[in-house]
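To start, the structure itself, in structure tokens.
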């Protein structure tokens, strides 16, 4: 029998390599996901048939922080009940309580402390329940300042959903988001997720990159891009090659993006997680 002798120097070298790999691979994962609630008239993709799958998907991806769009109270209740490590900030857009869609920010309570938070409406009267400009729906932006429980570092994370009809509402809403968050963030890193209902050729998109302070599109800034090429598919009715990215993650330019992924939301046999594909960005935690 051949005997293997313990080499203490080899063990030390292996340990150092493992530590180096672990430190280098430390990620901060964020996500944007429009989870649309459909009515019984919309067939088999009603929320009841996919709620558990959506929650399992989020649990598997394990984002540190994520923003949702089109979340209604029943969806908020289901997600909060199943994802117990997460807290959230958000309000129903139609009454400032529980009525209407939320654009909530969820964060891992085991990793981050909520320092401060708020919700404002995308309108001329942002501190009141209100419609803005030519929008056909009330729209909100939810934001948080979170502090990492280990490092003590803080950052701002916001989530929104721009109007699907009002062009002026989208552009002015984007300007309002940038203006308000510039005062909230100061010099700390910022991340904004959302369904912006525009492509990267729009004025609202350009506003998110340039006005008040620069931001980067995480998908374009990523060192590596995976998954699909479009984020909206309308329950599989829009082929990927004909679709667009209308869901975005915007970041402070100093934040390094290791990978961005648009995940296929198909569950097979005509079932989907949602009518949008989720977009996830893996960030270099050391750049926060």
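Residues in segment 49-72 that are part of a helix (DSSP H, G or I), over 15 Å from residue 275 (Cα atoms) and either touching a strand residue (DSSP E or B) at 6+ places or on another chain (Cβ under 8 Å) or modelled with pLDDT under 95 (or both): 2 in all. Checking every residue in segment 168-175 against the condition of being modelled with pLDDT of 95 or more, touching a strand residue (DSSP E or B) at 6+ places or on another chain (Cβ under 8 Å) and loosely packed, with under 15 Cβ neighbours inside 10 Å gives zero matches.
Close Cβ contacts (under 8 Å, 6 or more residues apart or on different chains) running from residues in segment 46-65 that are without any contact (Cβ under 8 Å) to a residue 24 or more places away in the chain to residues that are in a helix (DSSP H, G or I) comprise 46/40.
Taken together, the residues in segment 242-288 that are at pLDDT below 95, more than 26 Å from residue 75 (Cβ to Cβ) and either touching a helix residue (DSSP H, G or I) at 6+ places or on another chain (Cβ under 7 Å) or assigned to a loop (DSSP other than H, G, I, E, B) (or both) amount to 1.
Among the residues making up segment 70-120, a single one is touching a residue at least 12 places away in the same chain (Cβ under 8 Å), closer than 17 Å to residue 54 by Cα, surrounded by fewer than 15 Cβ atoms within 10 Å (Cβ to Cβ) and more than 18 Å from the chain's Cα centre (by Cα): 74. Scanning segment 172-196 for residues that are within 17 Å of residue 131 (Cα to Cα) and either under 20 Å from the mean Cα position of the chain (by Cα) or touching a residue at least 60 places away in the same chain (Cβ under 8 Å) (or both) gives 173, 174, 175, 176, 177, 196.
Filtering segment 197-241 to residues that are under 16 Å from residue 275 (Cβ atoms), under 20 Å from the mean Cα position of the chain (by Cα) and in a helix (DSSP H, G or I) leaves nothing. Scanning segment 203-210 finds no residues that are surrounded by 15 or more Cβ atoms within 10 Å (Cβ to Cβ) and closer than 30 Å to residue 51 by Cβ. Taking the condition surrounded by 15 or more Cβ atoms within 10 Å (Cβ to Cβ) and within 19 Å of residue 68 (Cβ to Cβ), does residue 255 pass? Against the criterion (surrounded by 15 or more Cβ atoms within 10 Å (Cβ to Cβ) and within 19 Å of residue 68 (Cβ to Cβ)), residue 255 does not qualify. Contact map, segment 209-235: first residue touching a residue at least 24 places away in the same chain (Cβ under 8 Å) and at positive phi, second residue in a loop (DSSP other than H, G, I, E, B) and surrounded by fewer than 19 Cβ atoms within 10 Å (Cβ to Cβ), Cβ cut-off under 6 Å, separation 6 or more or different chains; pairs are 227/263. Here the condition is being surrounded by fewer than 20 Cβ atoms within 10 Å (Cβ to Cβ) and touching a strand residue (DSSP E or B) at 6+ places or on another chain (Cβ under 8 Å); of 154, 182, it holds for 154 alone.
The values are calculated or read from the model by the stated rules, or taken from the named source; none is laboratory data. Please read all numbers here as calculations on a predicted model, not as lab measurements. Here the Cβ is made from the backbone with ideal geometry for all residues, glycine too, and neighbour counts use every protein chain on show.
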